[in-house]
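Accompanying notes for the structure given below.
The values are calculated or read from the model by the stated rules, or taken from the named source; none is laboratory data. Note that the coordinates shown come from a computational prediction; the quantities given were computed from them, not determined experimentally. Glycine also receives a Cβ, built like all others from the backbone with ideal geometry; neighbour counts cover every protein chain displayed.
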Amino acid sequence: MATIGGSDDNEWQKLSTDQKVQHKAWKARMTGYEECVKLFRTQNSDQSPEFNKYVNLMKKFVIDSNENAREKALDAVFAFVEEANIAGKTVNDVASGLITKCLNARSKMKERACEILLMYIEIEKQIEIEDELVKGLDNKQPKIVQACLEILRKGLSEFGSKILPIKPFLKQIIPLLDDRDKTVRDESKLLIVEIYKWIGKQTLMPMIQNVKPIQMQELQTEFEKLDLNGIDKPRQTRFLRSQQDLKEKMEETVVTSSVVIEDNNVEIQEDLDPFEMMEAVNILERLSKNFFEKIESKQWKDRKEVLDDLLTLLTQNPKPTSDNDYSELVKVLKKIVAKDSNIPVVLIAAKCLTALAKGLRKTFKNYAISVIEVCLDRCREKKTNVIEVLREACEAAYPAVIKRNVVRNDHE
């Protein structure tokens, strides 16, 4: 039957596929999406010109206003990402739309959205996907936050920490352990456990040292359940398009030798420095206003008080900013180590120098030699407890001396 406008309600059926997916009628779009799946799957080449027609349409597919149509649209997007060589160009717009419009939708749509995001990782758009998922962690909807955490966990579990680096998202996860939504808290904990599998206790623990005791206890309980030398040992099970040789090699080793698999997995794991992931803090700004006055006080209790505060500050913030001038601070600490008659005060000052050297690393090179000289000179007292603390300060400063000499030799 003709409409008042004189056109047939089903006139859209005569349109081409790329016209149907842009039609105002949701049934037309849904039919177009179904045709797209067949079209994308039957191209003879991943560089077929047919794919070019849809590059700028993908971002509209994932935010279709009709849920039934959008569900079919995601099937088309998945086929496009898997089959088209040009699919990588769509990653940012599509990922953003998937996260905001599909991860909080019905379960089938959420699952397909997850599959698309992981497929983008497979076609080597892991950096972009990771960035979008991290942005999603700031979303106000708990369903979206939980889903982003889940996808990060699946991506890490399947591709490994070399492909999906942990550093970009670990800081954002830790506060979510205390989120008011239980699903977010639970998923955060699962992701931390997955991270633990890949980087181990020694690397992870310094990064989560500020987690609340009750949360830490829960995490420790989960960590203790893991058999990292057996069933829980992390293995890359999904591979990038450029890793197909590695995939074949891994499949061969499954058949031939479990020992070789373990060797391969060592290469897959991320070489992560927990220090690099810490946030640098301006220690000098946080010193008490009368620090330099009290540290010169004739009362040893005053000197000890400000040194205790400094040591606590350095312990809680083990990575001082490297672009500050610590000359004055190092100078007063060396003076105490060299001349102070109160042993407890000397010990704390030496511990402060140790913490400062460890935190500044190579940036400590300007102070390292003079600190070592002062500590060695004070060792003449031959008191065991003093010598031990001074030795630790020397060991902490020594790597910076090496760095300094390397730099000097390079310029000579």
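A few notes on this one:
- Hey, ILE192 of a type in the set (A, V, I, L, M), closer than 28 Å to GLY88 by Cβ, assigned to a helix (DSSP H, G or I) and in contact with a helix residue (DSSP H, G or I) (Cβ under 8 Å, 6 or more places away or on another chain) or not: no
- The stretch 61-95, residues that are in a loop (DSSP other than H, G, I, E, B) and surrounded by 21 or more Cβ atoms within 10 Å (Cβ to Cβ): VAL62, ASP64, ALA84
- Total residues in the stretch 219-248 satisfying the condition of being surrounded by 13 or more Cβ atoms within 10 Å (Cβ to Cβ) and either modelled with pLDDT under 75 or of a type in the set (Phe, Trp, Tyr) (or both): the figure is 4.
- For beta carbons closer than 6 Å, sequence separation of 6+ or different chains, a first residue in the stretch 215-230 that is in a loop (DSSP other than H, G, I, E, B) and a second that is surrounded by 10 or more Cβ atoms within 10 Å (Cβ to Cβ), the qualifying pairs are LEU226/ASP232.
- Taking the criterion of being assigned to a helix (DSSP H, G or I), crowded, with 20+ Cβ neighbours inside 10 Å and under 36 Å from the mean Cα position of the chain (by Cα), the residues of the stretch 318-347 that qualify are LEU329, VAL330.
- Flag if LEU307 is under 21 Å from SER288 (Cα atoms), within 35 Å of the chain's Cα centre (by Cα), surrounded by 21 or more Cβ atoms within 10 Å (Cβ to Cβ) and modelled with pLDDT of 95 or more: yes
- Out of ALA25, ALA113, sole residue that is buried (at least 18 other Cβ atoms within 10 Å of the Cβ) and either under 24 Å from ARG238 (Cβ atoms) or not basic (Lys, Arg) (or both): ALA113
- Beta carbons closer than 7 Å, at least 6 apart along the sequence or on distinct chains, pair a first residue in the stretch 161-187 that is assigned by TED's automatic domain parsing to the domain that holds ILE129 and among the polar types (S, T, N, Q) with a second that is crowded, with 19+ Cβ neighbours inside 10 Å and assigned to a helix (DSSP H, G or I) for SER161/TRP198; SER161/ILE199; THR183/GLN146.
- Enumeration of residues in the stretch 16-44 that are more than 15 Å from ASN66 (Cα to Cα) and free of Cβ contacts under 8 Å to residues at least 12 places away in the same chain: SER16, LYS38, THR42, ASN44
- The one condition from (1) more than 22 Å from ARG29 (Cβ to Cβ); (2) assigned to a loop (DSSP other than H, G, I, E, B) that VAL55 does not meet is (1).
- Filter pass, LEU98 being buried (at least 21 other Cβ atoms within 10 Å of the Cβ), without any contact (Cβ under 8 Å) to a residue 60 or more places away in the chain and in a loop (DSSP other than H, G, I, E, B): no
- Residues being exposed (fewer than 13 other Cβ atoms within 10 Å of the Cβ) and assigned to a helix (DSSP H, G or I) - total across the stretch 368-387: 5
- Selection count, the stretch 127-136, where residues are surrounded by fewer than 19 Cβ atoms within 10 Å (Cβ to Cβ) and touching a residue at least 24 places away in the same chain (Cβ under 8 Å): 4
- The residue of the stretch 282-304 that is farthest from the chain's Cα centre (by Cα), among those that are surrounded by fewer than 17 Cβ atoms within 10 Å (Cβ to Cβ) and closer than 30 Å to LYS167 by Cα, is LEU287.
- Taken together, the residues in the stretch 132-173 that are basic (Lys, Arg), in contact with an Asp or Glu (Cβ under 8 Å, 6 or more places away or on another chain) and assigned to a helix (DSSP H, G or I) amount to 3.
- Just one of the listed residues (ARG391, ARG361) is under 22 Å from LYS304 (Cα atoms) and either out of contact with any strand residue (DSSP E or B) (no Cβ under 8 Å at 6 or more places or on another chain) or outside any helix (DSSP H, G or I) (or both), and it is ARG391.
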